[in-house]
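Take a look at the structure set out below.
Values in this text are rule-based calculations from the coordinates and carry no lab data. Values in this document were obtained by computation on a predicted structure and should not be read as measured data. Here the Cβ positions follow ideal geometry from the backbone for every residue, glycine too, while neighbour counts run over all protein chains shown.
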Amino acid sequence: MDLVEAFGARTTAHHGGMDFVERVESGGSGDLVIIDAPVAVTSSSSEAPQLFIDTAIRQASRGRGAVTCVTASNDVVLVTTARGYLLRYSWDENGNEQVKEVEVVASKHSADHRISAAFMDPGANHVLVSVRGPTGGTGGAAVHHSHEVYYIHRRWPRARALAELRSGGPLTAVAWCAKQQGDDVIAGGAGGGGGSGRKGATSSTAGSISVGDSCTGPILLGTEIGTLLELVLDERQKRETPPKTLIEGLAVKDPRRGVTGAGHATSAASASTSSSSSVAFTCLYQISLPAGRKALLAATPSHLRVWVTPPAGGGGGPGGSPWQALFLNPTGQHPGRPGVSAPPLAVLEAMSPSPCSQLQLWWPMGLSDLPTRFAWLVGGVVYHG
């Protein structure tokens with residue numbers, strides 16, 4: 001059985017202070033199954049818990065090609081297929097299955113374009129899909145995939161391409177805004193630009209934005225070349241707001257490296273491939289802390305870094321954003337030499353770097369709004385604390 005995507009649906013049982021989280025897997029049959037823990041086991045028990053496997057969705061791709069990505073949140077399962085379709089599965093109060101189809105990649109491009117990643121917010125309202133196209137290169141230099149990022153709101157029948165994200169490298173990680181507060185008025189902050197919402201101006205530089213059904217709030221996007229972007233998406237806007245660059249990727253800062261990613265370079269560009277793959281963001285988490293501060297946990301193939309913003313009202317960032325207050329100086333420029341951002345609060349280095357780097361956090365159910373445990377899988381080793 002081939003693991004496609006783990007975690008995200010809902011917790012099920014406790015054992016020794018840890019939660020067993022449902023895992024969604026896809027087998028050769030195209031079915032999605034749930035690997036589930038049994039009823040609660042006492043912490044004094046020395047026996048390992050048994051796992052049960054139930055079929056959740058049969059023929060999940062619905063004839064649209066092989067399953068390529070699966071993610072889940074808020075009782076919604078999202079499936080992407082090799083033919084460029086996005087399938088959204090949900091269930092009503094009686095357990096009846098409901099599915100919506102969105103064609104992300106047009107059929108005429110499905111042969112050489114593939115969905116490489118899908119990201120859904122905790123409320124299952126907003127989806128970002130990363131699509132890779134055919135390779136290309138000039139003069140025997142770096143060979144790279146073209147890429148596109150699409151945004152799909154749960155009410156939309158079609159996907160919208162985000163043209164502003166084409167220059168930052170393929171999307172590999174998303175940190176959704178930590179709070180889901182409901183569909184309220186959006187208060188636009190100073191600075192920045194972009195379209196206007198139904199009730200107020202919005203911008204990626206906004207200092208106060210209500211997060212809910214229609215608006216993502218400030219989210220952070222990580223790319224394969226090490227770029228970190230801040231962006232606000234609102235389904236009521238007809239045009240997306242330009243993102244704000246917080247960390248510039250190596251390929252963006254140094255054209256000699258070429259726009260390369262892990263595993264997509266010729267021997268002439270092997271050095272650039274190594275540098276680019278080592279800075280790729282593989283997982284991002286955005287966490288709200290007391291006193292209006294925010295924390296960012298960012299995993300790469302070689303490091304786990306933690307950044308913490310200044311207290312609310314004490315940053316003085318270019319546009320009022322706490323992330324811009326941290327990463328940018330008052331003039332809106334990146335401090336230090338090219339490729340260097342604000343120093344992280346903490347850094348954990350992997351003994352054996354690997355592009356297969358995954359970070360998971362654990363929140364105690366009903367006890368705290370902050371995660372209390374982390375587990376970082378990289379290079380065949382799990383770092384936890």
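Values computed for the structure shown
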| read-out | value |
| --- | --- |
| Spin-label pair T372/E97, simplified geometry with 7 Å Cα→Cβ offset, distance in nm | 3.7 |
| 9 Å beta-carbon shell around L162, net charge (K/R +1, D/E -1) | -1 |
| Cβ-defined net charge surrounding W323, 12 Å radius [Lys, Arg +1; Asp, Glu -1] | +2 |
| 14 Å beta-carbon shell around T300, net charge (K/R +1, D/E -1) | -1 |
| Gain upon complete extension [R158, S288; 0.36 nm per residue less C-alpha separation] | 43.6 nm |
| FRET efficiency, H384 to R58 (Cβ-Cβ, R0 41 Å, nearest 0.05) | 0.70 |
